[in-house]
Amino acid sequence: MKRVNAILAHPVYQKYCRRLEKLEEDRIFCRHQTTHLLDVARIAYIISLEEKKGPAKEVIYAAALLHDIGKCVQYETGIPHEQAGEKIGAEILNTLPDEYAFSEKEKEMILTAIRGHRRLRENAEPLERLIYMGDKASRTCFACPAEKECSWSPEKKNMEIKV
């Protein structure tokens, strides 16, 4: 997990995480902090193990850690976070030290997953589908004190544990 930890330590990643934490400080709805990112990673990895296929563990964790990195840009400018996140993710992935670098194929998989994690498209790439599924399954609407005020439709809310 050295490459994943290199993402966590990356100054650009740290900068956006701090901005997002500040912007969501008083948010009563779902937050997009480390707990959520790791939940997505773990659920996506479990699904890949159950299916006995999928990308390497580090690639899944990297995509999960980066999938909401553009959320603060969305709050500040209205640009969808998957679009902003793809650009920020590329900047981070392209500036990792050589010993922690992801291959070009892995980077493309990760960026596709960031871009596609909100709406599952037909013929989604395997990592894209895993991050989408992990992201949706990670939300605990059934235990959320703000569930009644949430704008998500009843069909979208997780009112039971899903994996």
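Here are the numbers:
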| read-out | value |
| --- | --- |
| Residues within the stretch 131-163 that are among the hydrophobic types (A, V, I, L, M, F, W, C), surrounded by 11 or more Cβ atoms within 10 Å (Cβ to Cβ) and more than 21 Å from Ile60 (Cβ to Cβ), tallied | 7 |
| Candidate set from the stretch 87-122 (those that are charged (D, E, K, R) and farther than 18 Å from Arg3 by Cα); member that is surrounded by the most Cβ atoms within 10 Å (Cβ to Cβ) | Arg115 |
| Every residue from the stretch 125-163 that is part of a loop (DSSP other than H, G, I, E, B) and small (Gly, Ala, Ser) | Ser138, Ala146, Ser151, Ser153 |
| Restricting the stretch 104-141 to residues that are under 12 Å from Ile43 (Cβ atoms) and free of Cβ contacts under 8 Å to residues at least 40 places away in the same chain, the residue that is nearest to the chain's Cα centre (by Cα) | Tyr132 |
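All of the numbers you see were taken from the coordinates with simple rules; none came from a lab. Since the structure is predicted, the reported quantities are computational estimates derived from the model, not experimental observations. FYI the Cβ positions are ideal-geometry reconstructions off the backbone, even for glycines, and counts take in every protein chain you see.
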